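Derivation of every value follows stated rules applied to the coordinates shown; laboratory data play no part. Not measured: the values here are computed from a predicted model. Note: ideal-geometry Cβ built from the backbone for every residue, glycine included; neighbour counts use all protein chains shown.
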Amino acid sequence: MTTTTELKITLTDELQDTLNAGGAAVYAIYFNPTSGAPVIQTLFTGATSAGPATAPITVDVPLTLDVVSGKVYFLVQSPVDGTLADPTTFVGTQSDLNWQSAETHNYRYDSFELTIENNINDAGNLSSVEGYGLPMSVGVSYGDGSSASVGYNVSGNELFHALSTMGQAQTVFPYATTAGEPGLTGDRAGLSPSQSVGIKSAAFTAGDWDSYVDYLKKIDPQTHEPNANAIQFAGFFDGAKDANGVYHNGGFYAYVLEWDENNGIFWLSPTDDSQVRGYIAITPEQLAGNIYATEGYVEIYESKSDYASGDAYHIYLNTYTYIDSSGKSVTNDDFMDAAANNQWGDILKDLFTGFTAGFYGMTGVDAQGGQVDLDQNWNWDPTYSFGANLATGEAPIYYDPYSAYFFANSNSYGSGYSDQLMSQYSEGGPLISLYDPSLGGSVTSIAITIFDDDETPTGYTKPVIYNYIAPGADGYTPPEYDANSAANIVLNFANSAMILDETVARITFSFQTGDASHPWASVTIDGSMGSLWQNWDIVQEKDGSYSAVPQNPAGMQPAGTILIGKLPVADDGVSHYKIEVGANDGHASKTFNLYTTTNADGLFLDPAYAGQAGAIAIDGLATVSAAPATQYVNTFTIDFLPSTTTTIDPSLLTRVQSTLVPSSVVVGQVTGTDPSPSPHGGGFTALAGQDALNGNVVSSQHAQLGFGWTGLNNATAASASWISGYTNKVDGQSVALVTIAGAGLAPVALLADIDGQWVSQGKSEIATLGEGTYTVTMQQYAASDTAHAHPLTQVSSKMTLTIALNEMDLVLAPGGAGAQLVDDGSGTSGNWIRLETSGAALEAGSSLVAYAVNANGEMVSRDGLEAGASVTLQDATLGHIGAIAGDDGSSLMFGGQSVHLGAGLELRFAEIDASGHADLSPAMNVSATPDGGIQFALDGFVLQASVENSLDAAAMIAGNQRASDTPWVYLEHGDLIQFEIAGSSANTNTLGFVRIDVDPATGDWSVGGVAYGDTDAFHDAVRGALDDGFLYQQGGNFQVTDEWEVAGASGYYAPVLLTQDGETFVIGNANDGGNDYIRMFGENTFGIEDLTASAGSDFDYNDMVVRLLPSEELLS
């Protein structure tokens, strides 16, 4: 949509007289956002012969471009030696308009920054960050008759005088004049701290901040840890594309500033509540050097421990070049520009803003005398900026005096952080809206007036924040309780990313009573009476006290919302209430002062109604909203998480599920031992055919595949542009849970790096699939949510994956000790080998382990990525197989198994005896069979191997056993699965299954939050968490078949034996003596011993044998 917005630029008659007297010229210059070419328009050329101006003049400058986003510059140029330089000779690009150019060509300049894109975010602003140039005002009229303006409330001369008193060197610079030649006289430019740093002036330097930075090195002399009074930041990063075109997801951040005495650096460290992750390291020198002008760098680390080795996190596509102390240009791509447009850059803005305004170490005092901790940015009401309204005797160590002056006397940015300081103002902030709701697009006209230096510009709008209403002559009017009152108030504690955690929060609502002996009454709302998110009524008890009770019948509210009904209100007057929000244990508490204005009928004056702005006010940065265009209302809403801020302690918040739908998963081969989630790291090769952001249909000749985020897709040139917007990145260090529908596998939990990029790293993060077609999706979960119970995004767009393997011949390997596949050149990288058993069982308790070796005879890890002496049998295990006999020698159960064998590798077997000893080369007779298979025979035990690339349900369900070499099975809640149980035991034992949670970050196991281990606590947790759908007790010789409906949540289920002797046997070594009492004897086939070693166990694993028999329906 083409934008046509006209700038109406007016020069006052007094300014014209000055320009004529000096023979000066005025230009408007902007730059085409596509080509960067300047558009220069002359607004005025002074003539010394001209008479006095009689009226202002206005020049129209049309902006007709597809998108206008940038600055319009205004230059007032005075002659040099009687001549005006042609601006086309010195302005070719925007960077040509700078301090040095202005001095050389004798001009002063200023600008109006604007964005006009025909949407609600269209806005503009005056800015003095680069220095002060011109007294200006900007005004806009909207189609509904309203208007807005910004400007200065002091003249140019007053402003120049104020600037001349600041800094350690010259800050105000005059026009150059030539005797006998026309020219302007007086002040030409005011030097800003940002400009001073850029030109290396002594006026404002990084050293101005040294004492303040030193003050922040708060170290407890006993513990050498940061003080409890740590500086904290919380807020919301909206999500943005950085300078390299890489999008960084939006998210909530909660960070603490810490001084690291050992390394001599400051850390910005995330708290547990922060969605944004990563540690920001900044030296004191870089910190001081970035406050006036964000021109330095920081480093980002995944862990503080990485600092000593210099292992900084590399942001995808990041580059950084700087000039070192010797003047040499140096590139270090691990350095991040402190002004980077990403989540860490947002946090740094908060850090620098606190210095600019002088907040750190200070205590604000609200209108009721309450103390406000300004070391927490959720308390940064602009009322406390630059030393205002502080506790008695307190004064900032330093603040930016230039920014303070513009803050107090203009609507212009005085520093790069002015928007951070002034965004809470209801009106009078630096931004002016350029969107006209009546047109549904950008405004058609913007009025800009340039004044002479002795004129005070019009257009200044005094900043206002509605955080207080003064009492009347007799004080505040106490509200009166009425059991029939219809008045209510809605408290909103949620936004798109976070919500008040109702399990820990407590809200106390207080109101004045008018009784001098008991001036305040309070009611408390917490989780003791059900969910917070409902309608509550204030009721008066018989003793005169008050309480809040859920309405009857209950009225539920949206999550994050509380309605307080039967609200006491005054009949005409201003009333004062208090709302305290904190934790049940009293920590993280904050009190908000609420003020209301009511009419004679006890109705609230609506602040949205014309002429009633501020009729309801609240401090603490919370905001008020009510129905528009209604003069009186009986309800209004208070928002405690407005826009991109929080007004309450971040420890009280928890995440909510996003409405965003991630893009499709990228599938590929993991080709290295340490693949990086950033493409520059290698180790992951995306499969061809993934030519769209969503909905790809992919075919693969490889059974072993990994998964990754969109940025790893190099299948098409267009994929590079996809990462400039939201894709399937997740929150930093959270989990992308990849589900392969139809495979019978557990979802693959892939832990993201600190920027939310994720990729399969090998081992259990690689899926090994049989032939078939699968639907692949992902969804985000917190890493701590090991049960995957609370998704944080929607399910991603689907990717359809078909595995089509060319069948290869299975032959005897050279030497006759194993079998191998004949590579047919088709591109298929391996085949599935089906193993079936017959004959007699092996020696009691023994089983076989399938593994592979390469041409050098070295064991190869089961993910195919490693080989050599470092690879253990456990690393190389492809699957377990065996047969179990009863105590009388009869066969109880024969195991079956499917294993994937890579082309070029040799399949071999190791025998594991009852004690766990492994014989890597048992005396097996290996021979080819007429049907194209291979037979392995050992002491009467026969194993038939053949190629079978189509896996049945049992083989698919066993995939997680093979991937992790663990005797468990992944099942979902409600799954119905048949099983057969056999045994030969003198004891009566009880068999169950328990769900084990796996931490994706560490791989650690737990049950019900209790860490895996041979401890009473863990065994108690296991017994208490056995699935209700499966509990089988039996002794003697037995063999039965039954079915199990999974009653618990989806997850990994492992067999558990409760023995007659009172032992609890679990998988692994968390048992008496560290012994393993549960073994695999084939897919989904588990043999269990019922006596401890100390009790004389024979380790024959036949006391309870269970095999799960999944149906094909289970896969769907």
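Setting aside same-chain residues fewer than 8 positions from residue 462, which lysines have a Cα under 20 Å from its Cα?
In chain and number order, there are no partners.
Can you tell me which lysines have their Cα less than 27 Å from the Cα of residue 542? Leave out same-chain residues fewer than eight positions away.
Within reach: 566, 578.
For the chain, what is the mean residue ellipticity at 222 nm derived from helices alone (per DSSP H run of n ≥ 4: -39500 (n - 2.57); sum divided by total residues; nearest 500 deg cm²/dmol)? Before the final figure, lay out the partial values.
Numbers: 15 runs with 105 residues, N = 1116.
Result for the chain: -2500 deg cm²/dmol, rounded to the nearest 500.
Using only Cα atoms, what Kirkwood radius does region 810-950 have, in angstroms? Display every interim value, and only then the final one.
On the way: mean 1/r = 0.0651 Å⁻¹.
Result for region 810-950, one decimal place: 15.4 Å.
Taking a temperature of 25 °C and a viscosity of 0.890 mPa s, what whole-number D in µm²/s does Stokes-Einstein yield for region 411-495 with Rh from Kirkwood over alpha carbon pairs?
This corresponds to a translational diffusion coefficient of 135 µm²/s.
Longer than 28 Å from Cα to Cα, which of 304/328; 349/729; 200/349; 217/590; 218/241 are they? Say none if no pair is.
On the way: 304/328 30 Å; 349/729 24 Å; 200/349 22 Å; 217/590 26 Å; 218/241 35 Å.
In this structure, 304/328; 218/241 exceed 28 Å between Cα atoms.
Which order do 161, 1019, 702 fall in if you start with the one that has the fewest other Cβ atoms within 10 Å? List each step's numbers first, then the result.
Values: 161 13, 1019 22, 702 18.
By the 10 Å Cβ count, ascending, the order reads 161, 702, 1019.
For a footprinting-style exposure proxy, rank 353, 205, 331 by other Cβ within 10 Å, fewest first. Provide the component values of the computation, followed by the final result.
Numbers: 353 23, 205 19, 331 9.
The most exposed by this proxy come first: 331, 205, 353.
Could you give the Stokes-Einstein D for region 1-59 in µm² per second, using the C-alpha Kirkwood radius, 37 °C, 0.692 mPa s? List each step's numbers first, then the result.
On the way: Rh = 13.0 Å.
For the chosen part, D equals 252 µm²/s.
What Kirkwood hydrodynamic radius, in Å, does region 217-359 give when the mean of 1/r is taken over all pairs of distinct Cα atoms and then inverted? Intermediate results must be reported in sequence, preceding the final value.
Numbers: mean 1/r = 0.0634 Å⁻¹.
About 15.8 Å, per the Kirkwood formula over Cα pairs.
Could you tally the net charge around residue 808, taking each other residue with its Cβ under 11 Å from the Cβ of residue 808, Lys/Arg +1 and Asp/Glu -1? Please list the in-between numbers first.
Working: positive: none; negative: 807, 809, 823, 824.
Net charge around residue 808: -4.
Compute the acute angle (0 to 90°) between the alpha-carbon long axis of helix 343-357 and the principal axis of greatest extent of the alpha-carbon atoms of the chain; round to the nearest 10°.
The angle comes out at about 40 degrees.
Extension gain residue 503-residue 552, at 0.36 nm per residue separation less the Cα-Cα distance, in nm? Can you show the working numbers first?
Numbers: separation 49, 0.36 × 49 = 17.64 nm, distance 2.23 nm.
Gain on stretching residue 503 to residue 552: 15.4 nm.
Dimensions of region 654-783 along principal axes (Cα, Å, largest first)?
So the three principal-axis extents are 42, 34, 29 Å.
Run the reach check for residue 71 against aspartates and glutamates, Cα to Cα strictly under 18 Å, same-chain hits fewer than 8 apart removed. What comes back?
Output for residue 71: 6, 60, 96, 110, 113, 117, 122, 130, 419.
What number, in percent, do you get for the relative contact order of region 965-1115 if the mean sequence gap of Cα pairs under 8 Å and at least 6 apart is divided by its residue count?
Details: 345 pairs, mean separation 50.1, N = 151.
That works out to 33 percent.
Mind jotting down the distance between the C-alpha centroids of region 537-571 and region 356-434, whole Å?
Centre-to-centre distance over Cα atoms comes out at 36 Å.
Using the alpha-carbon centroid of each, what span in Å lies between region 668-701 and region 983-1011?
Spelled out, the Cα-based centre of one part sits 35 Å from the other.
Based on the Cα atoms of region 36-112, what semi-axes does the equivalent ellipsoid have, where each is the square root of 5 times one gyration tensor eigenvalue, given in whole Å with the largest first? Mind showing how you got there, number by number?
On the way: eigenvalues 110, 74, 20 Å².
Those come to 23, 19, 10 Å.
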